[in-house]
1. Going by what's in this entry, would B:Ser55 be described as at the interface with another protein chain (Cβ under 10 Å from one of its Cβ atoms), within 14 Å of A:Thr96 (Cβ to Cβ) and surrounded by fewer than 20 Cβ atoms within 10 Å (Cβ to Cβ)?
2. Where in the range B:1-52 are there strands (runs of 3 or more DSSP E), lying wholly inside it, with at least 3 residues that are within 14 Å of another protein chain (Cβ to nearest Cβ), touching a Lys or Arg at 6+ places or on another chain (Cβ under 8 Å) and under 18 Å from A:Thr91 (Cα atoms)?
3. Quick one: in the range A:31-50, of everything that is more than 8 Å from chain B (Cβ to nearest Cβ) and of a type in the set (Val, Ile, Thr), which residue is surrounded by the fewest Cβ atoms within 10 Å (Cβ to Cβ)?
4. For the range B:67-82, give me the residue count where each residue is touching a strand residue (DSSP E or B) at 6+ places or on another chain (Cβ under 8 Å) and farther than 11 Å from B:Val19 by Cα.
5. Suppose we keep only residues that are part of a strand (DSSP E or B) and within 14 Å of chain A (Cβ to nearest Cβ) within the range B:68-97. Which one would you say is farthest from A:Thr96 (Cα to Cα)?
6. Quick one: in the range A:51-83, of everything that is buried (at least 17 other Cβ atoms within 10 Å of the Cβ) and assigned to a loop (DSSP other than H, G, I, E, B), which residue is farthest from the other protein chains (Cβ to nearest Cβ)?
7. Within the bounds of the range A:10-25, is there any residue that is facing chain B (nearest Cβ under 8 Å), of a type outside the set (A, V, I, L, M) and touching a strand residue (DSSP E or B) at 6+ places or on another chain (Cβ under 9 Å)?
Amino acid sequence: SQQGEEDPQALSIQEGENATMNCSYKTSINNLQWYRQNSGRGLVHLILIRSNEREKHSGRLRVTLDTSKKSSSLLITASRAADTASYFCATDEAGTALIFGKGTTLSVSS
Amino acid sequence: EPEVTQTPSHQVTQMGQEVILRCVPISNHLYFYWYRQILGQKVEFLVSFYNNEISEKSEIFDDQFSVERPDGSNFTLKIRSTKLEDSAMYFCASSTGGSYNEQFFGPGTRLTVL
């Protein structure tokens, strides 16, 4: 089955720097969603990008989707300590189930 | 802003006992889901529910699991006879539609089976 796989697994940056995380998947999708999870907490929906979209912005977040390469990237600009969390991409299969990757753990130090 | 809520936040149970995890989805949403995350592992899909019936389920969702929407607001996951390996964080999610819509997750219930 298809799944999103993020890289890097871990990323450490300083406040104010940009953070880029990548996600790859294996088969065709309808959409791809990015989520954030603070340690031991729930999943917060960040952004959804549809298969016919190439780029989407939401505040300091920029998501791109390249369906030919079956990949997506999440860029967080001007990162803050509060951005420290795990970030997951999730892709849909033929139905409604979301398939999650292992996530990228982002650490932003002040 | 409307959100998905889940109760309890933490449930401890003995192996072999039945547990019911409760969720209140966002009120105008039509699709409901359960996922689980074993500590340190990926979030895994369990089941989706629409129009009062299961629309999809994973291999994990075997006969010991069941879901129900007992009234107009609650959505429950029952595990009939818990096993040690059922220990995980269980997340409920809801969405307005199917594949093209965002799924919004609740804060999770941490289930510990002793």
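Just so it is clear, none of the values below were taken in a lab; they were calculated from the coordinates. Just so it is clear, the structure is predicted and the values come from calculations on it, not from any experiment. All Cβ positions, even for glycine, are placed from backbone atoms using ideal geometry, and neighbour counts span all protein chains on display.
1. yes
2. Values: elements: B:5-7, B:10-13, B:19-24, B:31-37, B:43-50.
By residue number, B:43-50.
3. The extreme case among them is A:Ile47.
4. So the count comes out to 7.
5. Let us first name the residues in the range B:68-97 that are part of a strand (DSSP E or B), namely B:68, B:75-79, B:88-95.
Right, trim to within 14 Å of chain A (Cβ to nearest Cβ) and you get B:88-95.
Details: B:Ala88: 22, B:Met89: 20, B:Tyr90: 18, B:Phe91: 15, B:Cys92: 14, B:Ala93: 12, B:Ser94: 11, B:Ser95: 10 Å.
The qualifying residue farthest from A:Thr96 (Cα to Cα) is B:Ala88.
6. Taking the candidates together, the pick is A:Ser79.
7. no
Here's the yes/no breakdown for (1) more than 24 Å from A:Ser86 (Cα to Cα); (2) in contact with a His (Cβ under 7 Å, 6 or more places away or on another chain); (3) not small (Gly, Ala, Ser):
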| residue | (1), (2), (3) |
| --- | --- |
| B:Gln17 | yes, no, yes |
| B:Tyr31 | yes, no, yes |
| B:Tyr35 | no, no, yes |
| B:Ser73 | yes, no, no |
| B:Asp86 | no, no, yes |
